[in-house]
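The values are calculated or read from the model by the stated rules, or taken from the named source; none is laboratory data. This structure is a prediction, so every number in the text was calculated from the model and none was measured. Glycine also receives a Cβ, built like all others from the backbone with ideal geometry; neighbour counts cover every protein chain displayed. For accessibility, only protein heavy atoms count, side chains too; no ligands or nucleic acids. Shrake-Rupley method; radii C 1.70, N 1.55, O 1.52, S 1.80 Å.
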Amino acid sequence: MLYSMCFLLFIIGLYCVLVKKNMVKIVLGIVIMEYAVNLFLIMLGYRLGGIAPIVGQNDYASGAVDASFTQASVDPLPQAMVLTAIVISLGSLALMISICIRTYERYGTFDITQIRRLKG
Amino acid sequence: MKGMTLIVKTISSWVKMLVFLFGIYIILFGHITPGGGFAGGVILACSYVLIMLAFGRDYTEENLSLKLASKLDCTGALLFIAIALVGFMYGGFSFFYNFIQQEYLAGKETAFKLISAGTIPLSNIAIGLKVGASLFLVLLMLSAFRPSDSSEKEN
Amino acid sequence: MEHLEFYILLLFVIIGSLVAVETKNLLSAVICIGAAGFGGSLMFLFLRAPDIAITQIVVEVLALVILIRVTISRDKTFISGDWELVGVLFSVGFLLIIFLAGTQVFDALPEFGSPSFIANNHGDTASGHYIQEGLSETGAANIVTSVILDYRAYDTLGEATVLFTSILGAVVILRKQSRNRLETEP
């Protein structure tokens, strides 16, 4: 059920990209899809009643991690993947926004149906 | 761009150092507590964005100019590759070999200390420098952009 | 009801995204995206991922600054609403088919709360090894950091390259000098 709700969030973003005609709205749709994918990947690694994958002082004795930590920790691998993806999404957002600003300066509108004409 | 009112300027001149210090803390303790180079770098960029919003763009460019920011960006990226190459040459011929941890700190009990984990804190510093400088750079470019003034000669 | 906090937060994010998609004013759409992002950050915290929560909440602030920069002080922040009925109906039907097929796929996944990457049916997995040996092999108590900067540092190098390229693209698009030179001396 939670996975399906996450997929619904992705579908909302895809709807925004497909239907809307405003450039900023399209960028917002891509941002929503990024949220959905990040949430889904983190959910795949969640464990019921789990703890964060950070070893505390009490879980560590004489060179080995306790079994209580190993049995309860959530999955660190999807978190590492998503951590890099979030920062990349900020960089690509800046790139898309700069394209939007340039287009607005050139054509005076954000509407993608009105910037088909050749100008300049 | 002259910036905001006196109240905002006074408060942000107090707060900016705390935000910057928090970013440095997040970077340096990234291998022990939650955080790391990415989050810390974005916080460093946030402190400069705070100055830029409160004091205006000219004041910010006096502190950290566009050229210096792009040099810091390249320095961070080159530092990260240099750590990887030193690990490559030091032993094992494996890229990103954690040579400090494997050669010097292997048998010692260094867990939960600041000086531990070999090259990981150094890589955190490089990543934080790179992310912070590049995000500051793009925000400075975004705020410097003036639409529909093509006759204006700024540079 | 189990996992009530996740349902509430995910519903909050979905409602925020819906309002952001459907509202007419661009500035309020941007603010709704910010609210949805902060809800997502809280959800990361409840999913036991504090690194991601910190990064998401800071990135969200910068993204809000960037997005408000593009929408504020523009002439046309309201969207005039003429929308083609046939195209909208066609894409809604298309998305409905994708959604129904996708829910069938998600039924085949393991249940929420049982991590599929650490499952011990076939012996050692990569995630199990990271959790078990991460501290003694790399010395870093934060296992996520030991994964991104030691075991999988090559990924991080690629990520730095992608970030560098996207920032370079944004700076090249935004700078003013080259365009003037192009116009004056063809």
So for R0 = 22 Å, FRET eff. of B:Lys113-A:Asn58 from the Cβ-Cβ r, to 0.05, ends up at 0.85
Rg/Rh over Cα atoms for the range A:26-120, Kirkwood Rh, comes to 1.29
Applied in sequence order to the range C:21-29, the curve 6.51 cos²θ - 1.76 cosθ + 1.60 (Karplus, θ = phi - 60°) yields integer Hz couplings, x standing for Gly and Pro, of 6, 9, 6, 8, 8, 5, 5, 5, 5
Env charge @ A:Cys16, Cβ radius under 13 Å, K,R +1 / D,E -1, value +1
For C:Thr161, the accessible surface traced by a 1.4 Å probe with all protein chains present amounts, in square angstrom to the nearest 10, to 80 Å²
Residue span A:Arg102 to A:Thr70: 0.36 nm per residue of separation minus Cα-Cα distance leaves a gain in nm of 6.4 nm
Kirkwood Rh for the range B:6-144 from C-alpha pairs, in Å, is 16.3 Å
Residues of the range A:71-93 with backbone N under 11 Å of the label point set 7 Å from the Cα of A:Ile30 along Cα→Cβ are A:89-93
Note: probe point = Cα of C:Phe90 + 7 Å toward Cβ; backbone nitrogen < 19 Å; residues of the range A:16-33 passing the test are A:16-22
Given unit charges at Cβ for Lys, Arg (+) and Asp, Glu (-), the dipole magnitude of the range B:6-144 about its Cα centre in debye, nearest 20, is 120 debye
If every Lys and Arg gets +1 and every Asp and Glu gets -1 at its Cβ, then about the Cα centre the range A:8-84 yields a dipole, in debye to the nearest 20, of 560 debye
Of all C-alpha pairs within the range C:1-82, those more than 14 angstrom apart amount in percent to 66 percent
Scoring only Lys, Arg, Asp and Glu (+1, +1, -1, -1) among other residues with Cβ under 12 Å from the Cβ of B:Ile120 yields -2
GNM on chain B, Cα springs under 10 Å; top mean-square fluctuation among B:Ile115, B:Ile51, B:Ile43 goes to B:Ile115
Counting other chain Cβ atoms within 10 Å of each Cβ in A:37-44 and taking the mean gives 5
Chain B, Gaussian network, Cα under 10 Å: of B:Val131, B:Val42, B:Val86, the residue fluctuating most is B:Val86
With a Förster distance of 56 angstrom and the Cβ-Cβ distance between B:Trp14 and A:Thr113, calculated FRET efficiency to the nearest 0.05 equals 0.70
In order over the range C:95-103: 3J(HN,Hα) from phi, Karplus 6.51/-1.76/1.60, θ = phi - 60°, whole Hz, x for each Gly or Pro, gives 5, 5, 5, 4, 5, 5, 5, x, 5
Rounded to the nearest whole number, the Stokes-Einstein translational diffusion coefficient of the protein assembly as shown at 37 °C and 0.692 mPa s (Kirkwood radius, C-alpha pairs) in µm²/s is 138 µm²/s
